[in-house]
Amino acid sequence: MSRLVVLAGPTAVGKGTLVRALRDRYPDVWVSVSATTRAPRPGEVDGVDYHFIGDDDFDRMIEDHALLEWATVHNSHRYGTPRQPVDQALAAGRPCILEIDLQGARQVRETMPEAHFVFLAPPSWDELVRRLVGRGTEDEEQRRRRLHTAKTELAAEAEFDQTIINDNLDDAVRALARIVVEGE
Ligand code: 5GP
């Protein structure tokens, strides 16, 4: 079985950018596509960024035990990891990444303790706020909720096996590659 890496970290820390950059360099890395009940942002593609589904379909996936983990994130929408594609990618020997929130990471730690848990941290709190405001995809109320969650998430860093500080993207990609691809 290949390695399963769970990558978590606060809002706007750059998880998506980091994972995309890693996959560009290492096409063999498999990245889970989550299901979510939130609406797509401009430019997001169904089946690529997320499986955008309704509440009924999400309920059904929970009932069918089709999710490896799921959580309500930022007190608003539900997000979950479809189980079967992960099992298949691991069985095929591909290094796998789940980019999920802290609640989801804790569930995976219970069910798959052999997974490797990586925390992506911002260089500073001010920089995190700057990135969230700068990407301009959330209104003020949503930003307030996300920063509230971020405080809890940052406090949980010690639960993870390793921390990567996302200051310089190239350095962060190299650090994640050592864990995901080289199995350090
Ligand atoms: P966003 O709405 O910005 O795409 O994602 C919000 C949060 O949901 C991020 O912290 C992201 O890691 C988390 N998230 C995305 N997919 C999943 C998932 O499948 N499970 C869990 N638990 N969290 C997820």
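The values are calculated or read from the model by the stated rules, or taken from the named source; none is laboratory data. Owing to the predicted nature of the structure, the values given are computational and were not obtained by experimental measurement. Note that we place each Cβ from the backbone using ideal geometry, even for glycine, and neighbour counts take in every protein chain shown.
When the stretch 77-91 is filtered for residues that are touching a residue at least 24 places away in the same chain (Cβ under 8 Å) and either surrounded by 12 or more Cβ atoms within 10 Å (Cβ to Cβ) or acidic (Asp, Glu) (or both), the ones remaining, listed by number, are 77, 78, 79, 80, 81, 82, 85, 86, 89, 90.
Within the stretch 7-18, can you find the residues that are among the β-branched types (Val, Ile, Thr), buried (at least 19 other Cβ atoms within 10 Å of the Cβ) and more than 10 Å from the ligand (Cβ to nearest atom)?
Taking the stretch 7-18 first, the residues among the β-branched types (Val, Ile, Thr) are 11, 13, 17.
Still in the running and buried (at least 19 other Cβ atoms within 10 Å of the Cβ): 11, 13.
Of everything in the stretch 7-18, nothing turns out to be among the β-branched types (Val, Ile, Thr), buried (at least 19 other Cβ atoms within 10 Å of the Cβ) and more than 10 Å from the ligand (Cβ to nearest atom).
Would you say residue 133 is out of contact with any strand residue (DSSP E or B) (no Cβ under 7 Å at 6 or more places or on another chain) and modelled with pLDDT of 95 or more? The answer is no for residue 133. Hey, does the stretch 122-137 have a residue that's hydroxyl-bearing (Ser, Thr, Tyr), within 28 Å of residue 30 (Cβ to Cβ) and not in a helix (DSSP H, G or I)? The answer is yes; a qualifying residue exists.
Going through the stretch 1-32 one residue at a time, which ones are among the charged types (D, E, K, R), touching a strand residue (DSSP E or B) at 6+ places or on another chain (Cβ under 8 Å) and over 21 Å from residue 158 (Cβ atoms)? 3, 23, listed by residue number.
Can you tell which of 111, 163 is touching a residue at least 40 places away in the same chain (Cβ under 8 Å), hydroxyl-bearing (Ser, Thr, Tyr), loosely packed, with under 13 Cβ neighbours inside 10 Å and in contact with a Leu (Cβ under 9 Å, 6 or more places away or on another chain)?
Details: 163 fails: loosely packed, with under 13 Cβ neighbours inside 10 Å.
Sole residue among the options that is touching a residue at least 40 places away in the same chain (Cβ under 8 Å), hydroxyl-bearing (Ser, Thr, Tyr), loosely packed, with under 13 Cβ neighbours inside 10 Å and in contact with a Leu (Cβ under 9 Å, 6 or more places away or on another chain): 111.
Please tell me if residue 105 is of a type in the set (Gly, Ala, Ser), touching a helix residue (DSSP H, G or I) at 6+ places or on another chain (Cβ under 9 Å) and outside any helix (DSSP H, G or I). Give the steps one after another, and end with the answer.
Working: of a type in the set (Gly, Ala, Ser): yes; touching a helix residue (DSSP H, G or I) at 6+ places or on another chain (Cβ under 9 Å): yes; outside any helix (DSSP H, G or I): no.
Criteria not met by residue 105.
Taken over the stretch 125-154, residues that are within 15 Å of the ligand (Cβ to nearest atom) and surrounded by fewer than 11 Cβ atoms within 10 Å (Cβ to Cβ) amount to 5. Step by step: first the residues of the stretch 83-104, then only those that are within 8 Å of the ligand (Cβ to nearest atom) and not hydrophobic (A, V, I, L, M, F, W, C), then the one that is nearest to the chain's Cα centre (by Cα). Which residue is that? Going through the qualifying residues, I end up with 99. Residues of the stretch 58-90 that are in a strand (DSSP E or B) and touching a Ser or Thr at 6+ places or on another chain (Cβ under 8 Å): 67, 68, 69, 70, 73, 77, 78, 79, 80, 81, 82.
In the stretch 19-33, which residue that is touching a helix residue (DSSP H, G or I) at 6+ places or on another chain (Cβ under 7 Å) and not small (Gly, Ala, Ser) is nearest to the ligand (Cβ to nearest atom)? Break it down into steps so the answer makes sense when it comes.
Here is the first cut: in the stretch 19-33, the residues touching a helix residue (DSSP H, G or I) at 6+ places or on another chain (Cβ under 7 Å) are 21-22, 25-26, 29-32.
Then keep just the ones that are not small (Gly, Ala, Ser); that gives 22, 25-26, 29-31.
On the way: 22: 15, 25: 21, 26: 20, 29: 17, 30: 14, 31: 11 Å.
In this case the residue turns out to be 31.
Would the stretch 40-57 turn up any residue that is touching a helix residue (DSSP H, G or I) at 6+ places or on another chain (Cβ under 7 Å) and either at pLDDT 95 or above or in a strand (DSSP E or B) (or both)? No, the conditions are met nowhere in the stretch 40-57. The requirement of being closer than 20 Å to residue 7 by Cβ, free of Cβ contacts under 8 Å to residues at least 12 places away in the same chain and within 10 Å of the ligand (Cβ to nearest atom) is fulfilled nowhere in the stretch 48-71; no residue meets it.
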